[in-house]
Amino acid sequence: MKKFSVVIAGGGSTYTPGIVMMLLDNLDRFPLRTLKLYDNDGERQAMLGDALDIVMREKAPDIEFSFTTDPEEAFTDVDFCFAHIRTGKYEMREKDEKIPLKHGVLGQETCGPGGIAYGMRSIGDMIEMIDLMEKYSPDCWMLNYSNPAAIVAEACRVLRPNSKVLNICDMPVGTLRRISHIIDKEPQDLEVRYFGLNHFGWWTSIKDKEGNEYLPAIRDYVAEHGYLTQKEVDTQHTDASWQDTHKKAKDLLAVDPRFLPNTYLKYYLYPDYVVEHSNPDHTRANEVIAGREKTVFSMAKTIIENGTSEGCEFEMGAHATFVVDLARAIAFNTHERMLLIVENNGTIANFDDDAMVEVPCIVGSNGPEPLSQGKIPEFQRALMYQQVTVEKLVVEAYIEGSYQKLWQALTLSKTVPSAKVAKEILDDLIEANKGYWPELH
Ligand code: NAD
Ligand code: LMR
């Protein structure tokens, strides 16, 4: 079998060790010849890089491993770039979450004003990285799961329409694991129909390979328990705040009991509930800093001090096998069916052609072929149109340096009550994002 060269961009990410362990566990399906880590924060990169160097020497000495902050070294001779960067890191995530809350509006990484702020920071870095990839390895594919994926995907559509970038999200993957567990199946036994935007969609059918429909049975369960399951089958979304989100899915379902909702709809359908249940002094960023980030970096320190990973192993990011499935689909033309964020072009019949939507696709060597999802109901169509327009306005605001358009984007977000509040939040966000956002006029 061919062996591949992979660079993980955002090599200092809390997710990197889990992804590396997952790749080692999948070498029979996706063999590696080279694995590189790339980050623009040398200190963060060295901490995880040194620890993973020890792990790689112990577990896979045949794979050439390195880590770097030099783009040329990182992007030369690579087949795939797995991208999970966070422009501004946790320091800025905290501000994305806390600034809106100060104004009585929810603060979230990808939804509402926080997502807009993060989007404005990410676009430039993502485009720069795509250009570096194309300069040093023109045939390389970027599999991007950096957030905010919806805004990043729209920016790619507008600014780099011909680049080999696939945007994918792990939320539907995690929820499908829960759904499978509810009906005592494995995710790979199921074929789904789904429509929406990233972090904004609905499952309309869940069938097994024989064509039996399970949606009514799952709906009965979700109406009572949300997506909470007895066994923790979705290893990614486990913290206390996530358990609340899985449970809240039952209230999302109540709004339209025909379809199974994506958990992130909570921020758009129940923003008042989210604000009431938020602590403006302790948000999700603080939960991750004290949890995942601390665990991962202290484990790296221990491995470096011990000079071995024996007795102290990074946890495998089992949830992330979808990245390998996607890489395999391209590398081996497997025609895997996966949810991806792609340009609509008629896939949802009564929605704009130029909207970036999240739908099932068949993925092969030429990339994704979206599967037609037909017409969608007016309620969802209207919600989606409002949200996709927010995302488009953010990208336009970034390109044009337009204060007006960014103010409109915030005003249009279903999470923000008025143009007045939108302006107050925007002015605070501009101050906080100095040096990250383009100058607005
Ligand atoms: P993190 O802050 O721990 O890691 C991000 C890393 O990216 C940092 O080490 C940072 O220095 C680096 N970075 C920032 N800008 C860079 C650039 N221009 N070039 C190279 N490196 C750069 O964050 P995290 O919590 O581990 O999350 C990483 C990313 O993955 C985020 O965007 C997060 O939202 C995303 N994520 C996506 C999914 C999904 O399925 N779509 C799921 C979980 C997390
Ligand atoms: C994370 O930090 O885990 C995110 O990227 C998603 C979340 O859990 O908030």
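Before moving on, here are some points about what is shown:
- Sequentially through the range 9-22, phi angles give Karplus couplings (6.51, -1.76, 1.60; θ = phi - 60°) of 8, x, x, x, 6, 4, 8, 4, x, x, 5, 4, 4, 5 Hz, Gly and Pro residues having no value and appearing as x.
- Accessible solvent surface per residue of the chain, calculated while the other protein chains remain in place, 1.4 angstrom probe, Å²: 40
- With R₀ set to 56 Å, the beta-carbon distance separating H441 from F332 gives a calculated FRET efficiency near 0.70.
- Sulfur and carbon atoms: percent of accessible area, the range 315-389 [1.4 Å]: 46
- Between N212 and H282, the modelled labels are 4.5 nm apart [label points 7 Å from Cα along Cα→Cβ].
- Residue of K36, K247, K209 that the Gaussian network model of the chain assigns the largest fluctuation, springs spanning Cα pairs under 10 Å: K209
- For the range 305-361 and the range 381-441, distance of Cα centres in Å: 28
- Over the residues of the chain, the helix contribution to mean residue ellipticity at 222 nm works out to -15000 deg cm²/dmol, using -39500 (n - 2.57) for each DSSP H run of at least 4.
- Within the chain, DSSP assigns beta bridges of which about 50% are antiparallel (rounded to the nearest 5).
- Taking each residue as 0.36 nm, the span from T302 to E224 lengthens on full extension beyond its C-alpha to C-alpha distance by 23.7 nm.
- Top positive-direction residue, dipole computed over the range 88-223 with Cβ charges, set S205, V165, G107: G107
- Distance between the range 61-130 and the range 196-243 - C-alpha centres, whole angstrom: 28
- Dipole of the chain [Lys/Arg +1, Asp/Glu -1 at C-beta], most positive-end residue of A155, L383, Y267: L383
- Restraint check, K98/K294; K185/K231; K89/K434; K89/K294, Cα-Cα greater than 19 Å: K98/K294
- Percent accessible area from carbon and sulfur atoms, the range 230-291, protein chains only, probe 1.4 Å: 52
- The charge dipole of the chain, taken about its Cα centre with unit charges on the Cβ atoms of Lys, Arg (+1), Asp and Glu (-1) only, comes to about 840 debye.
- Just the protein heavy atoms count here, and of the accessible area of the range 44-166 at 1.4 Å, carbon and sulfur take up 45 percent.
The values are calculated or read from the model by the stated rules, or taken from the named source; none is laboratory data. All of these numbers come straight from a predicted model, not from anything done at the bench. Reconstructed Cβ throughout: ideal geometry from the backbone, glycine too, with neighbour counts over all protein chains shown. Keep in mind that these areas ignore ligands, DNA and RNA; they rest on the heavy atoms of the full protein, side chains included. Shrake-Rupley method; radii C 1.70, N 1.55, O 1.52, S 1.80 Å.
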